[in-house]
Every structure is written in structure tokens, then in C-alpha cells.
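Visitor: Mind looking over this structure? Questions follow.
The values are calculated or read from the model by the stated rules, or taken from the named source; none is laboratory data. The shown structure was predicted, so the numbers you read here are calculated from the model rather than taken from an experiment. Cβ placement follows ideal geometry from the backbone for every residue including glycine, while neighbour counts extend to all protein chains displayed.
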Amino acid sequence: MAEKKITKKERFMELINLVNASETESKSEMVAFLEHEIELLERKSSSSAKTKTQQEHEKIMALIVEELRKVGKPVTITELMKESVVMAEYSNQKLSSLLKKLTEAENPVVVKTIEKKKSYFSVV
């Protein structure tokens with residue numbers, strides 16, 4: 001079995017324990033430094049701001065749902081691109097990827113049905 005990999009935070013905690021157990025003159029400065037490093041790691045990991053690409057994808061997914069509502073019937077990606085001027089500017093692959101996200105979300109907004117090996121998408 002593979003051993004659990006020790007994280008940076010755990011390493012810093014071990015170092016704090018070592019420094020506290022030692023008889024060094026600069027103990028308080030070393031502990032303060034290590035605690036600051038742990039704080040930086042926690043701040044970095046809690047940063048959940050969305051990237052520019054993620055924000056762009058969310059806008060496109062909203063457009064996809066809107067366009068599917070306008071069409072009002074199950075359509076393939078190619079048909080969606082032909083019927084919607086807005087969707088035509090995106091590649092088939094990009095739309096496919098974003099539609100997959102929409103169908104596999106916790107509360108899916110889009111439903112995928114397969115007929116004769118063709119995928120059709122429609123709004124729930």
C-alpha cells in the first residue's frame with residue numbers, strides 16, 4: 001500500500017514542534033515564521049475565485065441553455081450551431097464539453113438523449 005503523502009502544512013507543524021523542543025535563542029522568531037508560512041498556505045488553498053476561463057464558460061453555458069429554450073426541441077450540437085447564430089461562433093468540441101458539464105451537474109438543466117448513436121440535447 002502507498003503511504004500517505006505528508007503535506008507542507010504537516011511538515012511545518014512538525015518543524016514547529018522541533019523548534020519548541022529545542023534550546024535555540026531565536027525560538028520565537030522561528031515559530032512565528034513557520035506559523036506565517038502555514039497561514040499563507042491556508043490562505044492560498046481557500047482562494048476559490050473562479051478563473052477567467054471558468055467565468056467565460058459559465059457565460060457560454062447560460063447562452064447554450066437560452067438557445068436550447070428558443071429552439072424548443074431536442075437538437076444535436078451541429079443543429080444547434082446551424083439554428084443559432086450565437087452558437088455558430090463556438091467549436092463543436094467546446095459546445096460538446098460544456099453540454100456535458102450541463103448534463104452532469106448536480107441539478108442538470110440540460111438532458112441528453114441518444115437515438116441511433118446521435119446525441120440530442122434539450123432543456124429539462
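Visitor: Cβ-Cβ under 9 Å, sequence separation 6+ or interchain: first residue in the stretch 81-109 and assigned to a loop (DSSP other than H, G, I, E, B), partner exposed (fewer than 13 other Cβ atoms within 10 Å of the Cβ) and among the hydrophobic types (A, V, I, L, M, F, W, C). Which pairs?
Guide: Close Cβ pairs (under 9 Å, with a partner that is exposed (fewer than 13 other Cβ atoms within 10 Å of the Cβ) and among the hydrophobic types (A, V, I, L, M, F, W, C)) amount to Asn107/Val124; Pro108/Val124; Val109/Val124.
Visitor: If I filter the stretch 72-104 down to residues being of a type in the set (Val, Ile, Thr) and modelled with pLDDT of 90 or more, which single residue comes out as surrounded by the fewest Cβ atoms within 10 Å (Cβ to Cβ)?
Guide: Restricting attention to the stretch 72-104, the residues satisfying the condition of being of a type in the set (Val, Ile, Thr) are 75-78, 85-86, 103.
Of the ones still in play, those that are also modelled with pLDDT of 90 or more are 75-78, 103.
Working: Val75: 19, Thr76: 14, Ile77: 22, Thr78: 11, Thr103: 15.
Once the filter is applied, the top-ranked residue is Thr78.
Visitor: Failed condition for Ile114, given (1) surrounded by fewer than 15 Cβ atoms within 10 Å (Cβ to Cβ); (2) under 26 Å from the mean Cα position of the chain (by Cα), with all others met?
Guide: (2)
Visitor: Confirm whether Ile60 is assigned to a helix (DSSP H, G or I), under 30 Å from Leu102 (Cα atoms) and in contact with a helix residue (DSSP H, G or I) (Cβ under 8 Å, 6 or more places away or on another chain). Walk me through it before giving the result.
Guide: On the way: assigned to a helix (DSSP H, G or I): yes; under 30 Å from Leu102 (Cα atoms): yes; in contact with a helix residue (DSSP H, G or I) (Cβ under 8 Å, 6 or more places away or on another chain): yes.
When the stated conditions are applied, Ile60 passes them.
Visitor: Could you list all residues from the stretch 22-32 that are more than 17 Å from Glu10 (Cβ to Cβ) and part of a helix (DSSP H, G or I)? Steps first, please.
Guide: In the first step, residues of the stretch 22-32 are kept if they are more than 17 Å from Glu10 (Cβ to Cβ); the result is 22-30, 32.
Of everything in the stretch 22-32, those that are more than 17 Å from Glu10 (Cβ to Cβ) and part of a helix (DSSP H, G or I) turn out to be Lys27, Ser28, Glu29, Met30, Ala32.
Visitor: Also: State which residue is modelled with the highest pLDDT when the search covers only the stretch 19-60 and only residues that are within 26 Å of Leu95 (Cβ to Cβ) and aliphatic (A, V, I, L, M).
Guide: Residues of the stretch 19-60 that are within 26 Å of Leu95 (Cβ to Cβ), as a first pass: 49-60.
With the extra rule that they be aliphatic (A, V, I, L, M), the set shrinks to 49, 60.
Details: Ala49: 73, Ile60: 93.
The extreme case among them is Ile60.
Visitor: What's the number of the condition Glu39 fails, among (1) over 30 Å from Leu15 (Cα atoms); (2) part of a helix (DSSP H, G or I)?
Guide: Only one criterion in (1) over 30 Å from Leu15 (Cα atoms); (2) part of a helix (DSSP H, G or I) is unmet by Glu39, namely (1).
Visitor: Which residues, counting only those in the stretch 69-80, are assigned to a loop (DSSP other than H, G, I, E, B) and not β-branched (Val, Ile, Thr)? Show your work before the answer.
Guide: Quick first cut of the stretch 69-80, residues assigned to a loop (DSSP other than H, G, I, E, B) only: 72-74, 76.
The answer is Gly72, Lys73, Pro74.
Visitor: Look at Glu79 and say whether it is among the acidic types (Asp, Glu) and within 26 Å of the chain's Cα centre (by Cα). If you could, list the steps in order and put the result at the bottom.
Guide: On the way: among the acidic types (Asp, Glu): yes; within 26 Å of the chain's Cα centre (by Cα): no.
For Glu79, the condition - among the acidic types (Asp, Glu) and within 26 Å of the chain's Cα centre (by Cα) - is not met.
Visitor: Another one. When you look at Phe12, is it free of Cβ contacts under 8 Å to residues at least 40 places away in the same chain, in contact with a Leu (Cβ under 7 Å, 6 or more places away or on another chain) and surrounded by 10 or more Cβ atoms within 10 Å (Cβ to Cβ), yes or no?
Guide: yes
Visitor: Could you check, for the stretch 49-58, whether at least one of its residues is surrounded by 12 or more Cβ atoms within 10 Å (Cβ to Cβ), within 30 Å of Lys112 (Cα to Cα) and either without any contact (Cβ under 8 Å) to a residue 60 or more places away in the chain or not small (Gly, Ala, Ser) (or both)? Don't jump to the end; show me each part of the working.
Guide: Initially, the stretch 49-58 is screened for residues surrounded by 12 or more Cβ atoms within 10 Å (Cβ to Cβ), giving 57-58.
Within this subset, residues satisfying the condition of being within 30 Å of Lys112 (Cα to Cα) are 57-58.
When the remaining residues are screened for being either without any contact (Cβ under 8 Å) to a residue 60 or more places away in the chain or not small (Gly, Ala, Ser) (or both), the result is 57-58.
Looking for residues that are surrounded by 12 or more Cβ atoms within 10 Å (Cβ to Cβ), within 30 Å of Lys112 (Cα to Cα) and either without any contact (Cβ under 8 Å) to a residue 60 or more places away in the chain or not small (Gly, Ala, Ser) (or both), one finds at least one in the stretch 49-58, hence yes.
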